[in-house]
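The values are calculated or read from the model by the stated rules, or taken from the named source; none is laboratory data. What you are looking at is a predicted structure, and each value in this text was computed from that prediction instead of being measured. Using ideal geometry, Cβ is built from the backbone for each residue, glycine included, and neighbour counts are taken over all protein chains shown.
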Amino acid sequence: MVSRRELMQAGLAASALLAGSGLSAGRAFAQQKLTQGDILRFEPLGNVTLLHVADIHAQLVPTWFREPSINLGVGEAKGRVPHITGKDFLDLYQIPAGSPMAYALTAEDFASLAKNYGRMGGLDRLATIIKAIRAERGENRCLLLDCGDTWTNSWTSLQTKAQDIVECMNLLKPDAMTAHWEFTLGAERVEEITRSLPYPLLAQNIRDTEFEDKVFEPRRMFERGGVRIAVIGQAYPYTAIANPRRMFPKWAFGLREDELQKQVEEARGEGADLVVLLSHNGFDIDHKVAGRVRGIDVILTSHTHDALPEPVRVGQTLLIATGACGKFISRLDLDVRAKRVQGFRHRLIPIFSDAIEPDAEMAALIARHRAPYEKDLKRILGRTEGLLYRRGNFQGSLDDVFTDAMLEVRDAEISLSPGMRWGGSLLPGQDITFEDITNASAMTYPQCYRTTMKGAMLKAILEDIGDNIFNPDPYYQGGGDMVRVGGMGFSVNPFGTVGNRISNMTFLKTGAPIDANRDYVVAGWASINEGTQGPPIWEVVGQYLTARKTITPRNESAVKVVGL
Amino acid sequence: MTSLTTVSRRDALCLTAAALALAPGLARADAAAVEAELRKLYGDRKPGSGKIRIDVPQIAENGLVVPISVEVESPMTEKDHVKTVHVFADGNPLPGIASFRFTPACGKAAASARMRLAQTQNIVAIAEMADGSLFSTMSEVKVTIGGCGG
C-alpha cells in the first residue's frame with residue numbers, strides 16, 4: 001500500500017493530509033462539537049474540484065450505517081486499506097477514538113457514538129454541502145460525479161421505479177454517472193430514464209451481445225477551470241453474473257481492460273489534461289487497474305462501499321473511496337497544469353445530518369416523493385434490544401433476523417441470504433420499521449424461494465461465493481460479502497483456494513455434520529433465476545418480526561474464520 | 001408457504017457444478033490432454049511467448065456462449081505470416097475449441113468465436129508462423145454461479 005509516510009514524502013499530499021482538512025486531529029472535532037462550517041472547512045487548491053458520490057442506494061433520508069468490523073483482504077490486498085478496520089484503522093489515520101470520524105468510519109463503539117453524533121446522509125444535507133462548495137469554489141471549477149448504485153434499494157425507489165431518486169439526483173446536477181444495480185430496473189426502464197437524464201450515464205464496458213456495439217457513451221470531455229477533463233465510465237463488470245441477466249439480456253459487461261487503455265489514449269489524443277475513471281469496479285480491482293492501465297490521473301471508486309479519509313496512490317494514479325448510503329462526499333481539489341496533476345488536496349466530507357442544515361428545495365422534493373408511502377415506511381414491525389447491522393464479510397446481526405425469519409416462516413432447515421453491502425443499522429432499543437427492513441431488502445427480484453438442496457450443493461454454493469470474495473486476483477472477484485446462512489454453521493479460510501475454503505459444515509438443529517448426499521429444505525431470496533417463486537422477503541421478515549415482537553441479537557456466530 | 005418451488009437456474013448451475021465435482025468417472029480434459037494435443041501437432045517444438053493475444057472474459061457471463069478473440073502480431077507477408085491458430089480449453093470434455101487458418105491475403109491474423117465452457121478452466125491459444133516458429137498464450141476463465149455484489 002501507499003503508506004501515509006510515502007504520501008507525505010511525495011510532497012504533493014502533505015497539504016491534503018493535515019493542513020487542508022484539519023479533520024483527523026481538528027480541535028472542533030476533538031471537542032465533539034459539530035458545525036456545518038467545520039464540515040465544509042477546506043482551503044481551496046489549484047484549478048479544479050472533483051466531487052464524488054457513490055453507492056447512495058436510493059437513501060433519500062439520513063440513516064444509521066455501521067462500517068464493517070471485518071473486511072479481509074487477500075493476495076496483495078492483505079493488510080492494505082481498505083482492508084483495515086476498527087482500532088487499526090483509527091491508528092493508521094490518527095483518528096481519535098470516540099471522535100465523529102471514528103464513529104463515521106469504523107464499527108468501534110458504534111451504538112453509543114451513534115447516539116452522540118446522530119444519523120448520517122440525506123440528500124437534502126448533501127445538497128446543502130454541494131451548493132456551498134459550488135458557491136465557494138465557483139460552479140465552473142466543479143465536476144460532480146456519481147459512481148452509481150444510486151437508483152435502487154429503498155422502498156420508495158422500488159415503488160416508483162426509481163423516479164423518486166432520479167428526480168432528487170437531478171436536483172444535485174451531477175455531470176455524469178456510471179451504474180450497476182440500476183440495471184436491475186430492467187434495460188427498458190434504464191433506457192427510459194437515461195433518455196430524460198440531463199447528464200450522461202457513461203460505460204465503456206457494456207456491449208450489445210450480438211454485434212459488440214457500445215450501448216452507452218464511453219466517456220465525455222468536460223472543461224472546468226480551463227482544464228480539459230476526460231471522464232471515462234466503467235460500469236460494474238460482473239453485473240450479468242451477480243444480478244439477473246434476463247433483466248438486460250442484450251447487454252454484456254466485463255472489465256475490458258484493453259478497451260479502457262484505448263479510451264485513455266483517445267482521450268489524451270483529444271487533448272485531455274486530466275483523465276478520470278468513474279468506476280464501479282470495486283476498490284481492489286481499481287487498485288490493480290491503476291497499476292496496469294497507463295495515463296489515468298484519478299479513479300473514483302465505488303461498489304465495495306469503502307470510505308477512506310485519504311487518497312491511495314498507485315504510481316501516478318489517485319484512488320478515492322467515498323463510502324456508501326449517502327454518508328460521505330469526497331472533495332478533491334487538483335492543480336492541473338501542463339497536462340499533469342501538480343498538486344492535490346482531499347477531504348472525505350462526512351454528512352452528519354444533525355449538523356448540516358437541510359436544503360429546503362431538496363427536502364420538499366423528498367417529502368413529496370415519500371408522502372404516498374409514509375404510512376408503510378413508518379409501520380412498526382417489532383423492536384430490537386441490541387444493535388442490528390449487516391455490513392461485514394460475514395453474517396451480521398441484521399442478517400440473523402433475515403435467516404431466522406426464513407427458517408421459521410418458510411419452515412426450512414437451512415436458509416441463505418445474500419451478502420450485499422447495503423442495508424443500514426438499527427440501534428439498541430429501536431423500533432424496527434418496514435422502512436428499516438426494506439432498506440436492507442428492496443429489490444426487483446425479492447422472492448423467498450423454498451427448495452431442497454443436497455449437502456454437496458450447499459458446499460458448492462459456499463465455495464463459489466467464497467471464491468467471489470476471496471480470490472487472490474481481484475480481477476476474478478465478484479464483490480459483495482459472504483452469503484449469510486441460517487441453520488448451518490461452517491468454518492471458512494479466506495486464504496484457501498476454491499473448493500478448499502469451507503469446512504466443518506454443521507447442521508445446527510442436530511449438531512451433526514452436513515451430509516453431502518442428504519436433501520435439506522432450503523429457503524433463500526434474491527435468486528438470479530427466472531421464475532423463482534415465493535413471497536417477497538420483506539413479507540417473510542415482517543411476518544416473523546410481528547410474531548416475535550422483540551429481537552435479542554445473538555452474541556456467538558456460527559461462522560468460524562480460520563487460517564488468519 | 002410450505003410448497004416446494006422449482007429448482008432455480010442458479011440452483012441448477014449449482015447442481016451442475018456439484019455433479020461435476022462429484023463424478024470423478026466423467027471424462028474431462030486437463031492440462032496433460034492439451035499437452036498431448038500440442039505434441040500431436042508440433043512434436044517437441046516449444047512455443048515462445050508474445051505476439052499472440054487472446055481476449056476472453058475473466059468471469060464468464062454465460063458458460064454456454066463465452067466470447068473469445070485471438071490476434072497475432074504479424075506483417076502477413078508471403079515470407080512472414082501466421083499460418084494457423086489453435087485454441088484449446090483444458091477443462092472441457094474435449095480440449096479442442098477452434099482452429100483458424102490464415103494466408104497473407106487475410107491482411108491480419110485475427111478471429112473471434114464463441115465457446116462453451118463447462119467449468120472454470122484455462123484457455124490456451126497457439127500460433128504457428130510461416131517459418132515454423134510457435135507462440136502461445138494462456139488465460140483463465142472463471143465459470144461461477146455468481147455472488148450477490150455490492
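Key figures
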| read-out | value |
| --- | --- |
| Conditions (1) closer than 24 Å to A:V561 by Cα; (2) surrounded by fewer than 22 Cβ atoms within 10 Å (Cβ to Cβ); (3) not hydrophobic (A, V, I, L, M, F, W, C); number of the one not met by A:G487 | (2) |
| Boolean, B:S74 is more than 30 Å from A:G392 (Cβ to Cβ), in a strand (DSSP E or B) and among the polar types (S, T, N, Q) | no |
| Any helices (runs of 4 or more DSSP H) falling wholly within region A:154-262 and containing at least 2 residues that are surrounded by fewer than 19 Cβ atoms within 10 Å (Cβ to Cβ), more than 14 Å from chain B (Cβ to nearest Cβ) and at pLDDT 95 or above | A:163-172, A:187-196 |
| Residue tally, condition in contact with a Ser or Thr (Cβ under 6 Å, 6 or more places away or on another chain) and small (G, A, S), over region A:455-478 | 0 |
| Every residue from region A:394-420 that is touching a strand residue (DSSP E or B) at 6+ places or on another chain (Cβ under 7 Å), assigned to a loop (DSSP other than H, G, I, E, B) and either β-branched (V, I, T) or away from chain B (no Cβ under 12 Å) (or both) | A:F394, A:Q395, A:E413 |
| Filtered residue count, region B:107-140, keeping only those that are part of a strand (DSSP E or B) and closer than 17 Å to B:A33 by Cβ | 10 |
| Yes/no for A:I95 being surrounded by fewer than 23 Cβ atoms within 10 Å (Cβ to Cβ) and touching a helix residue (DSSP H, G or I) at 6+ places or on another chain (Cβ under 7 Å) | no |
| Out of B:A27, B:A31, sole residue that is farther than 25 Å from A:L462 by Cβ, at pLDDT below 85, more than 8 Å from chain A (Cβ to nearest Cβ) and surrounded by fewer than 17 Cβ atoms within 10 Å (Cβ to Cβ) | B:A27 |
| Yes/no for A:T128 being in contact with a helix residue (DSSP H, G or I) (Cβ under 9 Å, 6 or more places away or on another chain), crowded, with 21+ Cβ neighbours inside 10 Å and among the polar types (S, T, N, Q) | yes |
| Region B:73-106, subset more than 11 Å from B:E37 (Cβ to Cβ) and aromatic (F, W, Y), residue surrounded by the fewest Cβ atoms within 10 Å (Cβ to Cβ) | B:F100 |
| Index of the failed condition, A:Y103 passing every other in (1) crowded, with 20+ Cβ neighbours inside 10 Å; (2) at pLDDT below 95 | (2) |
| Given (1) touching a helix residue (DSSP H, G or I) at 6+ places or on another chain (Cβ under 6 Å); (2) of a type in the set (S, T, Y); (3) in contact (Cβ under 8 Å) with a residue 60 or more places away in the chain, number of the condition A:T317 does not satisfy | (3) |
| Hey, A:I285 touching a Lys or Arg at 6+ places or on another chain (Cβ under 6 Å), surrounded by 24 or more Cβ atoms within 10 Å (Cβ to Cβ) and not in a loop (DSSP other than H, G, I, E, B) or not | no |
| Test result for A:I296, more than 16 Å from the chain's Cα centre (by Cα) and buried (at least 24 other Cβ atoms within 10 Å of the Cβ) | yes |
| Test: residue in region A:421-430 that is surrounded by fewer than 24 Cβ atoms within 10 Å (Cβ to Cβ), within 12 Å of chain B (Cβ to nearest Cβ) and within 24 Å of A:A54 (Cβ to Cβ) | no |
| Long-range neighbours under 7 Å by Cβ, at least six apart or interchain, first residue without any contact (Cβ under 8 Å) to a residue 24 or more places away in the chain within region B:36-64, second buried (at least 17 other Cβ atoms within 10 Å of the Cβ) and of a type in the set (G, A, S) | B:E61/A:A240; B:E61/A:A252 |
| Test: residue in region B:92-103 that is closer than 30 Å to A:A240 by Cα, without any contact (Cβ under 8 Å) to a residue 40 or more places away in the chain and not aliphatic (A, V, I, L, M) | yes |
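Residues are listed down the side, and each one gets a yes or a no for (1) more than 24 Å from A:G479 (Cα to Cα); (2) surrounded by 24 or more Cβ atoms within 10 Å (Cβ to Cβ):
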residue: A:T301; (1), (2): no, yes
residue: A:Q316; (1), (2): yes, no
residue: A:L334; (1), (2): yes, yes
residue: A:H346; (1), (2): yes, yes
